[in-house]
Amino acid sequence: MNAAVDNPYWMPFTANRDFNKKPRIISAAEGHWYTTSDGTRLYDTFSGLWTSGLGHCHPKIVAAVQEQVAKLDYCITFQVTNDKALALAERVTSMAPDGISHCFFTNSGSESVDTALKIALGYHRARGEGNRSRLIGREKGYHGVNFGGMSVGGMVPNRKVFSAALLPGVDHLRHTLDIERNAFSRGLPEHGIELAEDLERLCQLHDGSNIAAVIVEPVPGSAGIIPPPPGYLERLREICDAHGILLIFDEVIAAFGRLGAPFGATRFGVTPDIITTAKGLTNGVIPMGAVLVRDKIFDAFMNGPEHMIELFHGYTYSGHPVAAAAGLAVMDVYDEEGTFEQARALEQHFEDLLHSFADHEHVIDVRNIGLMGAIELAPRAGAPGQRGLEVHKRCFWDENLVVRNGMDLLQFSPFLNSDPDEMQQSFETVRRVLDKVA
Ligand code: PXG
């Protein structure tokens, strides 16, 4: 065995050999802090992995999970369900834009996306338009790692190895990142609305009647927080309407407060036909996702003999009672603590802190909206990604701060209930580290 790889755990999206040289292991958490296996406390600037906006081990969520696991730990999910799944479906759809009153449960963002794509294809077929099979994603989109999401996604390293196995009949809109014209925008960038016309072009190329759905993140997250140009999402909506195409918002990150609103759709005032969620649905405590659909979609499936299954799709753990109990407690906390309003109130402070990096010699762009923020570093000549990784590691080891880097991009996803002073201190630390990095 390779001596550098003596850890039996093959870690996801990780440089395993580099990690094993000096493992970074967390064994506890509370509120806004992690504790490592050697007892060091670390401040978390990423809310888990965009997941834990309420902080870690929130007592109300912990209690709900403890109670549920002792009462109903699991329940068959096909042809039978449980009280918590029903209640959570009611709760989540009641927060959604008008006309969205059904949701389908999954266990992750990737499963939500593949479920949404299958629902889109099934919807058109149920209406006698089975020819609508083409799917459209966007460059730099991240829609998880399953085959559907990977195919409509636009993250090159995630697609490269699997190129021959990607779904056929998929096109991509161009991404809207334009550092040359939009660098250091605060919130929505000025330029780029014309890129929405890519969709119209694809409708002309294929004929819109062959296209089933378009999927975009309202704000691409993993690719580096790319707020949409004003009017861009509205224009996608218009083109979809003109051609009978379903619009899917992948809100795995955006939903549940990250943009200071229940959904990105709410924040931008654009209602898609399908919304995919995960992460903040349960505050990351138990894996769970939900796919919310417009009534016309659900209704289209409700035909044929009533004793027949309408959608041949589902997971053993769809609507898992413990996950659903966690989700219900999370929704209670969002309401009781006014979490989305808290997030909205923190937005300006967060924006100011991020943009204070604009003058730094290594920084080529800063982007933000809601509580999503990115500081883009210039890559070192011949060594892309190294500068960002060094910031991550120095923050972790020298400063007890968890900072997420994607190559040379520093990404920030602060807690929705952050303390403004703690937030400020975390950015002062990042600055100190960045000053030391070559
Ligand atoms: N869609 C979106 C928009 C996501 O952000 C997924 C789907 C997939 O979710 P699951 O639960 O299957 O991982 C995601 C996940 C990052 C990062 O560094 C973001 C995600 C995952 C890993 C890293 O920003 N988001």
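Values quoted throughout were computed directly from the atomic coordinates according to the rules given, and no laboratory measurement underlies them. Since the structure is predicted, the reported quantities are computational estimates derived from the model, not experimental observations. Please note: Cβ atoms are built from the backbone with ideal geometry, for glycine as well, and neighbour counts cover all protein chains shown.
DSSP bridge analysis restricted to the chain gives an antiparallel fraction near 65%, rounded to the nearest 5. Hey, how many Å between the Cα centroid of region 165-190 and the Cα centroid of region 213-250? Going from one Cα centre to the other spans 10 Å. Building the convex hull from the alpha-carbon atoms of the chain and averaging its projection over directions returns 22.1 nm². Checking every one of the chymotrypsin sites (Phe, Trp or Tyr not before Pro) in region 304-387 against DSSP loop status and a limit of 10 other Cβ atoms within 10 Å picks out Phe312. When the Cα positions of Ser101, Asn82, Leu177 are compared along the charge dipole of region 74-214, Asn82 comes out farthest toward the positive end, with charges on each C-beta of Lys, Arg, Asp and Glu. 3J(HN,Hα) along region 401-417, derived from phi through the Karplus expression 6.51 cos²θ - 1.76 cosθ + 1.60 where θ = phi - 60°, amounts to 9, 8, 10, 7, 10, x, 6, 9, 9, 9, 10, 10, 9, x, 4, 5, 10 Hz, with x in place of Gly and Pro. Between Val156 and Tyr9, the contour length at 0.36 nm per residue exceeds the Cα-Cα span by 50.4 nm.
Computed log10 I(q)/I(0) for region 42-192 at 0.13, 0.16, 0.19, 0.20 Å⁻¹: -0.96, -1.25, -1.33, -1.34, from the Debye equation with unit scatterers placed on every C-alpha and solvent omitted.
Volume per residue of the convex hull around the Cα atoms, evaluated for region 216-371, comes out as 151 Å³.
Across every direction, the projection of the convex hull enclosing the Cα atoms of region 343-438 has a mean area of 5.5 nm². Adding -39500 (n - 2.57) for every DSSP H run of four residues or longer, then dividing by how many residues the chain holds, sets the calculated 222 nm ellipticity at -11500 deg cm²/dmol. Structural descriptor for region 144-261: relative contact order 23 percent, calculated from alpha carbon pairs under 8 angstrom and at least 6 residues apart. Peptides 404-416, 92-104 ranked from most to least packed give 404-416, 92-104, packing being the mean of other C-beta atoms within 10 angstrom over each peptide's residues. Restricting the calculation to Cα atoms, region 324-366 shows an Rg/Rh of 1.29 when the hydrodynamic-style radius is the Kirkwood one.
At most 10 other Cβ atoms within 10 Å plus a DSSP loop assignment makes a site exposed; report the longest stretch of the chain without any exposed GluC sites (Glu not before Pro). Here the longest segment lacking exposed loop sites spans 1-305.
Applying a threshold of 20 Å to the alpha-carbon distances of Lys60/Lys84; Lys71/Lys279; Lys393/Lys436; Lys160/Lys279; Lys21/Lys140; Lys84/Lys279 flags Lys71/Lys279; Lys160/Lys279; Lys21/Lys140 as lying beyond it.
Scaling against 2.2 N^0.38 Å puts the C-alpha radius of gyration of region 4-60 at 1.29.
Legend: Rg and Dmax of region 1-120, from Cα coordinates, 19.3, 57 Å. Relative to the globular-protein estimate of 2.2 N^0.38 Å, the Cα radius of gyration of region 196-289 stands at 1.14. The value of relative contact order for region 241-387, using C-alpha pairs under 8 Å at least six residues apart, is 20 percent. What is the chain's relative contact order, in percent, from Cα pairs under 8 angstrom and six or more apart in sequence? Relative CO of the chain lands at 21 percent.
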